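Asker: This is the structure I want to talk about, given as structure tokens.
Just so it is clear, none of the values below were taken in a lab; they were calculated from the coordinates. All values derive from a computational prediction rather than experimental measurement. Cβ atoms come from the backbone with ideal geometry, glycine included; neighbour counts cover every protein chain shown.
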Amino acid sequence: MTSAAPAAPLAASAELPLLGFARQSVAIAEAEVRKLARDPTELLTRAVQPALWLIVFGEVFTRIRAIPTGDLSYLEFMAPGVLAQSVLFSAIFFGIAVIWERDLGIIHKLLVSPAYRGALVMGKAISAGLRGLTQAVIIYVLALILGIRLQFSPLSLIGVAAVVMLGSALFATFSLIVACIVKTRERFMGIGQVLTMPLFFASNAIYPLAIMPPWLRAVARVNPLTYVVDALRALMVQGGHSAFGIGVDVAVPVVAFAALLAVAARLYPGLVR
């Protein structure tokens, strides 16, 4: 039933390629969002882990003041990192849904349509970004309850939403590439578990770059999650600032996403073989 929804929007037409690409991407994203709307329990379960990080880990380290965070309390420093972590953990397992779709025959139907392969991937990336926004709402509510000073100016909120969507799309596309390579749910779950913690801990999500050993700092500087966290810290929290500059924080994930999108579009048809 779910595979029939995007059929009409994916039909061939004489429209401009860019317009067709955008229309097809939106059609795929809409179908994905409808599936989430039918079963919103995933959103509630995803809220458990960030709540534990903020309420337990954050509160304890705020009291012992073991990590230097400048003018920010540790909870304020950590809240953007927990949001980025929530986005990462949600998006990195996005590929397993694609493997399920292959087993159900949905991907076969999409691949025989005249849709651009890149649009199929972009649509899934957009839907992952929308899921990321729900995580942001949950983190904002928890942060308000814990007394974290948040920024609520329109530009800040728009900036946070854009960075969250970008981060979600980036890691969901990376997850899709992994799914295309390993092709089985069991292998994917194992690799997903291996990838999430190194990406999280080799970033500035829960401690600043300045206190890292040089080798870990070098790894963190090539980790896209570091730049997502840095941007969120400047946009989300009162008194927060960006260590690299917002321009760099956005440019690095954009370039990484564009590269991963190109790779995923080439690998996506091979998922069914």
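Asker: Could you give the length gained by full extension between VAL60 and ARG117, i.e. 0.36 nm per residue of separation minus their alpha carbon distance, to one decimal place?
Answerer: Extra length available between VAL60 and ARG117 comes to 15.8 nm.
Asker: Which of [x] 19.1, 64; [y] 30.0, 110; [z] 20.4, 76 is the computed Rg and Dmax of the Cα atoms in Å for the structure on display?
Answerer: Of the labelled values, this structure produces [x].
Asker: Relative contact order of the range 170-273, please, whole-number percent, based on alpha carbon pairs below 8 angstrom and at least 6 residues apart.
Answerer: It comes to 37 percent, rounded to a whole number.
Asker: Hey, what did the chain get for relative contact order, percent, Cα under 8 Å, at least 6 apart?
Answerer: Worked out over the chain, it gives 26 percent.
Asker: Right, here's the next one. Just want the ordering: MET189, MET78, from fewest to most Cβ atoms lying within 10 Å of their own Cβ.
Answerer: Ranked by crowding around the Cβ, least crowded first: MET189, MET78.
Asker: Follow-up question, since we're still on this one. Rank by packing, highest mean first: peptides 22-34, 79-91, with packing defined as the count of other Cβ atoms within 10 Å averaged across residues.
Answerer: In decreasing order of mean packing, 22-34, 79-91 become 79-91, 22-34.
Asker: Go through the range 246-260 residue by residue and turn each phi into a ³J(HN,Hα) via Karplus (6.51, -1.76, 1.60, θ = phi - 60°); whole Hz please, and just put x for glycine and proline.
Answerer: So the Karplus estimates, Gly and Pro as x, are 4, x, 5, 4, 8, 5, 4, x, 5, 5, 4, 5, 4, 5, 5 Hz.
Asker: While we're here: Taking amide H atoms as placed 1.01 Å from N in the peptide plane, list the residues 5 or more away in sequence, or in a different chain, whose amide H sits under 5 Å from that of LEU150.
Answerer: GLN238
Asker: Once you have the Cα-Cα distance between VAL26 and VAL255, take 0.36 nm times their residue separation minus that, and quote the gain in nm to one decimal.
Answerer: That pair, VAL26 and VAL255, stretches by 80.3 nm at full extension.
Asker: Could you check the simple spin-label distance between ILE145 and LYS35, using points 7 Å along Cα→Cβ, in nm with one decimal?
Answerer: That separation, rounded to one decimal, is 3.0 nm.
Asker: Which whole-angstrom value gives the distance between the alpha carbon centres of the range 151-182 and the range 60-129?
Answerer: First find each Cα centre; the distance between them is then 6 Å.
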